[in-house]
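Working notes for the structure below.
Bear in mind these aren't lab numbers, they're just calculated from the coordinates by the rules spelled out. Everything quoted here is computed from the prediction, not taken from an experiment. Glycine also receives a Cβ, built like all others from the backbone with ideal geometry; neighbour counts cover every protein chain displayed.
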Amino acid sequence: MKEIERVIVRTPSESFWKGLTPGLMGKADVALAKSQHRSYIAEIEALGIPVKVLPELADFPDSCFVEDPAIVTDRVAILTNPSDKSRNGEPAYIEETIREIYGSRVERIEAPGTLEGGDICRAENHFFIGCSRRTNRAGADQLAAIVTKYGFSYDLISILEIDGLLHLKTGMTYIGDNTVMGLEAIMAHPAFASYRRIVVDPEEDYAANCIRLNDVILFPEGFPRTQAKLTAAGFKVKTIQVSEFRKQDGGLSCLSLRIPPLAF
Ligand code: CIR
C-alpha cells in the first residue's frame, strides 16, 4: 500500500531547547535531538520514501515541528495560522516548498482563526479537526469549509476538557485500516464509533502519537504495552528514540509533513 509518496522535515536548530513547553521533562539536549532527527529521516528513507530536509531556522525554536504550519492532502495544501507569536511566522517559511508541490492549490487559515496541523487528523476522506488552546473555533470552521470544498467530510473534536493535552494528535492517531488509536478520553468520542479503536495503555499516554508510513507504523521507543496492542492487532511496528522531542511536547507526527500521491 502506497499512502505516502514524499516527506518534508526541518532540521532542529541550536535554539530548539528554547521552544514552547511546560518543561516537565527537563531541558532538551540539542545535539541528541539532531541525532534523533537524523535517525527519523533514515527510518523514512529506509522505507523507500524520499525526504526533503529544510534548513534549520534559529529564530523559530519549534520549527522542526513542521506538521503545525501546513496541512497536506492529495487534493490541496493549507497553510495554517499558529496561535503563539513564537510560531506564527513558520507558515511563511514553508510556503515556497508547499507551492513547489501544490502550485495554486494552496489555501490559508486567516485571523481571527488560529489553527495548527497537530490538531488535524486525516482518516482517508475524513478529517478530525481538534479544537484546542491552539486551534480556535474560527480556525476550525475555516478548515472545515476548505476540506468540504475539496470533497472531504469532517468532525470537530474539542480537547479543551482534557488536561495538559496540546493538540488532538498528541492524544490520537489514525493508523489506517479503519483503525484509530489514542487516549481513552478521546476514543470515547462518538465520532470514532464506527472505527476499530485501540486505547493506549493508561501509563503510556505519549504512545498515542505515532505515524503510519505505507505498511509500517513508526512508534516511539519505550511503550511496550501499547506496542504489543498494535502488534496484536496485526500492525507492523518499528520503534525509534524521540526523547528530546518529547521534552518539547512533540511527537512523531509533528516532525514531518507526509504527502500522499496527488490526485490532481
Ligand atoms: C509547541 O508547543 O508548539 C511545540 N513545542 C511542540 C509542537 C508539537 N507539534 C505537534 O504536536 N504537532
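Listed by first and then second residue, the pairs linking a residue in the stretch 103-115 that is in contact (Cβ under 8 Å) with a residue 60 or more places away in the chain to a residue that is of a type outside the set (D, E, K, R), with Cβ atoms under 8 Å apart and 6 or more places separating them unless they lie on different chains, are R105/V76; R105/A77; R105/F264.
Exactly one residue out of I41, I78 is surrounded by 22 or more Cβ atoms within 10 Å (Cβ to Cβ), closer than 28 Å to G103 by Cβ and either more than 11 Å from the ligand (Cβ to nearest atom) or over 16 Å from the mean Cα position of the chain (by Cα) (or both): that is I78. Assess whether A28 counts as being assigned to a helix (DSSP H, G or I) and more than 18 Å from the chain's Cα centre (by Cα). Here the answer is no, as A28 does not meet what is asked. In the stretch 192-204 there is at least one residue that is within 19 Å of C254 (Cα to Cα) and touching a Ser or Thr at 6+ places or on another chain (Cβ under 8 Å). Taking each residue of the stretch 201-228 that is without any contact (Cβ under 8 Å) to a residue 24 or more places away in the chain and looking for partners that are assigned to a helix (DSSP H, G or I) and surrounded by fewer than 16 Cβ atoms within 10 Å (Cβ to Cβ) with beta-carbon atoms closer than 7 Å, six or more apart or interchain, yields E204/R225.
Quick grid of which residues meet (1) within 16 Å of the ligand (Cβ to nearest atom); (2) under 14 Å from V76 (Cα atoms):
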{"position": "R108", "(1), (2)": "no, yes"}
{"position": "A111", "(1), (2)": "no, no"}
{"position": "G118", "(1), (2)": "yes, no"}
{"position": "I146", "(1), (2)": "no, yes"}
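If the condition is being surrounded by fewer than 18 Cβ atoms within 10 Å (Cβ to Cβ) and closer than 26 Å to E96 by Cα, then the stretch 19-29 contributes only L20.
Quick one: in the stretch 49-59, of everything that is touching a strand residue (DSSP E or B) at 6+ places or on another chain (Cβ under 9 Å) and in a loop (DSSP other than H, G, I, E, B), which residue is farthest from A92 (Cα to Cα)? The selected residue is I49.
Against the list (1) surrounded by fewer than 19 Cβ atoms within 10 Å (Cβ to Cβ); (2) touching a helix residue (DSSP H, G or I) at 6+ places or on another chain (Cβ under 7 Å); (3) hydrophobic (A, V, I, L, M, F, W, C), the condition M172 fails is (1).
The residue of the stretch 81-105 that is nearest to L165 (Cα to Cα), among those that are surrounded by 16 or more Cβ atoms within 10 Å (Cβ to Cβ) and out of contact with any Pro (no Cβ under 8 Å at 6 or more places or on another chain), is S83.
In the set (1) under 21 Å from Y206 (Cα atoms); (2) part of a helix (DSSP H, G or I), the condition left unmet by T21 is number (2). Summed over the stretch 209-264, residues that are more than 18 Å from the chain's Cα centre (by Cα) and either on the phi > 0 side of the Ramachandran plot or within 16 Å of the ligand (Cβ to nearest atom) (or both) total 2.
Please determine, by comparing only the residues of the stretch 131-146 that are without any contact (Cβ under 8 Å) to a residue 24 or more places away in the chain and not basic (K, R), which one is surrounded by the most Cβ atoms within 10 Å (Cβ to Cβ). Here the residue is A144.
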